[in-house]
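For reference, the structure discussed in these notes is given below.
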Amino acid sequence: MVPEALRRRAEELRRELDYHNHRYYVLDAPVIPDAEYDSLLRELVGLEAAHPGLRGPDSPTQRVGAPPLEAFRRVEHLRPMLSLDNAMDEIGLREFDDRVRRLLGTEGPVVYACEPKFDGLAVELVYEGGRLVRGATRGDGREGEDVTANLRTVRSIPLRLQGEAPPGAVDVRGEVVMRLEDFRRLNQDQLEKGETPFANPRNAAAGAVRQLDSGVTARRRLEFFAYGVGLWEAAGVRTQSELLERLGEWGFRVSRERAVARGLEEALAHCRRVEALRDGFPYEIDGCVVKVDSLLQQEELGQRSRSPRWAVAYKFAPLQAVTRVLDVQWSVGRTGAITPVAVLEPARVGGVTVSRATLHNPEELARKGVLVGDWVVVQRAGDVIPEVVRFLPEKRTGQERPSEVPAQCPVCGAHVEKPEGEVVPRCSGLNCPAQLKARLRHFASRRALDVDGLGEKLVDQLVERRLVRDVADLFRLTEGDLAPLERMAEKSARNLVRALDRARRAPLGRFLYGLGIRHVGEATAQALARHFGTLAGLMDAPEGALLQVPDVGPEVSRSIRSFFEEPHNREAIRQMLAAGLELRSPVEAASGRPLEGRSFVFTGGLEMPREQAKAAVEALGGRVATSVSKKTDFVVVGEDPGSKADKARELGVPALDEAGFRELLEQVGGKGASAAEEAGETLPARGGAV
Ligand code: IVH
């Protein structure tokens, strides 16, 4: 018998951990430091170890995976899992709307709920009495595979529903996805181990969900987005949009880029807006789903054999294209890594022109067998560097030729090293300008210090003219230094100096990412920043302290140690601090300026005085501009808006009415950390905490 007091304590811990888990993984808004979470978890692990009777399948300690299975059981879905019809363009969407209105017999606009179409793996989660009892893949739509043990490891899947859970059974449907960042990292690991990388995040997510060893799934850091239920009667709602709200209340992650549209034109505008935001999404989306909002109308419309008549997927331009390899160049990265890059006949891929694509490393190049002159499939995902997927053998003429790893660095001429057991050749030049350029580009990139205006051509000039010899030199640049450069107007010089000035007050996590320490990606950099709080704390942290950070294993901690032990690096950092770099701890970064980096444009009359609206945005760290461009984040549209509203629509810039604007201010101003995510400061997933 377990003493009652311990039983109560265990339940209290579980409830608390569930709450923090939800704050962290679903809302991206943790309210306690990681260390405190870990100590709660350790206490529960201890209690359960001493009294195994306390351990249930929905305990937060059970997220690390169960013993491997021999095979998956097949299970029948409570209701079939349907697929969606596609609309390839505007015409397709208009046809869908015509059909819906004809079938419903209405002339007026139909209300639609629009949401991103996630490119992942569809799953069904069955809850009974609010507890997760089963998770299954879609399979053939009628029957899928029982992957419950694996789905339990996905931290954004609640093991127990929150709030008012329905007493009976409810089957929640949604998509398991892998963040592009995690995908990139997984593939990087695969490449470093000399293994075949995954073709895309969807395959990586599907592979992880269909692992017989759920421990592997747990390490892959998947996410789940809920978008519906099979039996909607159970949810007690009347529309799809209410249903999404309800799913949110139950503790699921639902897309924030959802909207209710009155009629086709609004639905189309939302689809275009989501498409314009596509590259900035942290995971892949391949379209926008338009659903009739009213569940009664959905019922009236019914379904065909495999797809509903009340929904359609408006598909975005594909992210693959076929083109020719004109050359293979060997590019030198910031750590000296020499990688093969295909120079392509420019091709449009998902709305962007691509003229270069990575081939990763010589082994991958050999595995893919791509030759100069080949026709190839190229692919891009989000803002990940485009890659060559495969060549088309049927297009070979015999004129194609291979490209060999150079013996000398193509930029500085230093010899190329390839240590035993490594797949990547490296330039051994200490002062290789290509390495410096790559370091600067990375440091200034959007996910690092985000220095607006410091593009590739400018970095080239700065290095070639020896204006910049290390990263710290960036912060010493004056307008006078910049003015004589090519294509540098007075105004751009001033703007760049300002942007550098802003970057001086960088959040610690972004700075750490910008340093380009091996194995320290964005997520790890953020985790380190949150754990240590200051640069000094991290720089002198012994390996044992580094290993306390979620997600940091021996390899990563070794790499961090050796980076900070290198006198050259310590000196570079000292120089940056001397040049006025002032790092902000994650707490400072998240609390004060949630709209940092976001720009707003106002048009038309607002009830709130313009000055007040402007001051409110600026107080939260945002900027107010007078004209709309692609870089505008929000247009606030009042009464009788001017041409700016049209321009915004044209460019796909999200528009807010005054109520929406007030809501946004409240949201970001009210809650510290959720505001941080609104501002693009996405927090990383907590990994392997047990
Ligand atoms: S609703 C009955 N909403 O797209 C309609 N599906 O071909 C069922 N998908 O495998 C789907 N995002 O997993 C819906 N927001 C979304 C979705 C979505 C992705 C997937 C779904 C299914 C496929 C449909």
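Quick note: the coordinates plus some simple rules give every number you see, no bench work behind them. Note that the structure is predicted; figures quoted are calculated from it, not measured. Positions of Cβ are backbone-derived with ideal geometry, glycine not excepted, and every protein chain shown enters the neighbour counts.
Some observations on this one:
- Computed from backbone phi, the HN-Hα couplings of the range 321-334 come to 8, 9, 7, 10, 8, 7, 6, 10, 9, 10, 9, 9, x, 6 Hz, rounded to whole numbers (Karplus: 6.51 cos²θ - 1.76 cosθ + 1.60, θ = phi - 60°; Gly and Pro given as x).
- Fully extending the segment from E400 to E164, taken as 0.36 nm per residue of separation minus the present Cα-Cα distance, adds 78.5 nm.
- Database remark: amide H of S403 closer than 5 angstrom to the amide H of V372 (H placed geometrically; neighbours at sequence offset of 5 or more, or on other chains; Pro and chain starts carry no H).
- Virtual spin-label span in nm between D38 and H51, 7 Å along Cα→Cβ: 2.7 nm
- The charge dipole of the range 144-219, taken about its Cα centre with unit charges on the Cβ atoms of Lys, Arg (+1), Asp and Glu (-1) only, comes to about 140 debye.
- Put a dot 7 Å past the Cα of S331, heading toward its Cβ, do the same for A659, and the two dots end up 4.8 nm apart.
- Calculated FRET efficiency for the pair E299/T106, C-beta based, R₀ 22 Å, to 0.05: 0.90
- Rounded to the nearest Hz, the phi-derived 3J(HN,Hα) couplings of the range 46-58 under the Karplus curve 6.51 cos²θ - 1.76 cosθ + 1.60 (θ = phi - 60°) are x, 4, 5, 5, 6, 9, x, x, 7, 8, x, x, 9, where x marks glycine and proline.
- Extension gain, R99-K630: 0.36 nm per intervening residue step, less the Cα-Cα distance, totals 187.7 nm.
- Overall shape: oblate for the range 337-446, with the ratio a/c of the largest to smallest alpha carbon gyration tensor axis at 1.5 or above and b/c at least equal to a/b.
- Global form of the range 1-78, assessed from the alpha-carbon gyration tensor, a/c cut-off 1.5: oblate
- For the range 144-156, 3J(HN,Hα) per residue [Karplus equation, 6.51 cos²θ - 1.76 cosθ + 1.60, θ = phi - 60°, Hz, x = Gly/Pro]: x, 9, 7, 10, 3, 4, 5, 5, 4, 7, 7, 5, 8
- Using only side-chain charges placed at the Cβ, +1 for Lys and Arg and -1 for Asp and Glu, the dipole size of the chain relative to its Cα centre rounds to 820 debye.
- Cβ-based charge dipole, the chain, positive-most Cα from L547, V328, V147: V328
- Cα-based shape type of the chain, given that a ≥ b ≥ c are square roots of the gyration tensor eigenvalues and the cut on a/c is 1.5: rounded
- Measuring between their Cα centroids, the range 458-484 and the range 373-393 lie 34 Å from each other.
- For the chain, the cysteines with no partner cysteine C-beta closer than 4.7 Å are C114.
- 22 Å Cα-Cα threshold exceeded, pairs from K117/K193; K395/K418; K457/K647; K418/K457; K193/K368: K117/K193; K395/K418; K457/K647; K418/K457
- Between D470 and R367, the FRET efficiency from the beta-carbon distance, with R0 = 41 Å, is close to 0.65.
- Amide H contacts under 5 Å for E143, placed H, 5+ residues apart: H77
- Amide H contacts for R584 (H built 1.01 Å from N in the peptide plane; partners 5 or more residues away or on another chain; cut-off under 5 Å): A506, L508.
- Exposure proxy order (Cβ contacts within 10 Å, fewest to most) of H360, H442, H415: H415, H442, H360
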